[in-house]
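The values are calculated or read from the model by the stated rules, or taken from the named source; none is laboratory data. Nothing here was measured: the structure is a model prediction, and the numbers come from that model. Backbone-built Cβ (ideal geometry, glycine too); neighbour counts: all protein chains shown. With ligands, DNA and RNA removed, areas are computed over all heavy atoms of the protein, side chains included. Shrake-Rupley method; radii C 1.70, N 1.55, O 1.52, S 1.80 Å.
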Amino acid sequence: KLNLYGGMAQIKDMAVPTNPRVKLLQDVPVPPFWYLDRRLVSMAMEAALHNASRFARRDVTLRAREDDGYLVLVVEDDGPGLGAVDPNDHSTGLGTMLCQAVAKAHRSADRVGRATMQNRPEGGVRFELWFPRAPTTPPAPRLFIHSTGTPGLAETSLPLARSDPSARSPHLQLTTRT
């Protein structure tokens, strides 16, 4: 679970204290918390911020929004755009691949995270990491009681928690006297 208000400020603090200037804008409301892997998302955002900082002329902007059940973390720069030659000749493409892998590692039912990158009409690049919303409440466990065939005994079967909702869940078996 990530506190978005404090988390975005921490990501902003990853920026190099020199040029470009990093701005944190929150012009649309977002939920205060979102369930995700904080360590992986921090690594991905650090890579995205590093890339934007290398190409930006003056400004890098960070923002977050919710879009159709996804949390979208956005990094924008005012640089030359996609296809520009790396000014420091340090590009390996690993940062972008890391961001894509981190986004795809976040799943909720049939929804999968993603990373996108596109040129902005006003110049520069917009990089977005999309993370699906986790279910707000887990499904209620089903309780099954059935006779054991022995007079005075019954078995209760309660599904145990599982990480993969599509997987068949083991059950906790309790035998009780009736």
Point to revise | Complete set of residues in region 30-73 that are among the acidic types (D, E) and farther than 17 Å from A105 by Cβ | key: D59, E66, D67, D68
**Study point:** Search result, residues across region 19-48 that are in a loop (DSSP other than H, G, I, E, B), open to solvent by 90 Å² or more (accessible area, probe 1.4 Å) and either at pLDDT below 60 or of a type in the set (D, E) (or both)
**Key:** D27
Check your understanding: Which one is most open to solvent (accessible area, probe 1.4 Å), of the residues in region 69-128 that are at pLDDT below 90 and polar (S, T, N, Q)?
Key -> T92
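Can you pull out the residues in region 49-67 that are of a type outside the set (V, I, T) and outside any helix (DSSP H, G or I)?
Correct list: A56, R57, R58, D59, L62, R63, A64, R65, E66, D67.
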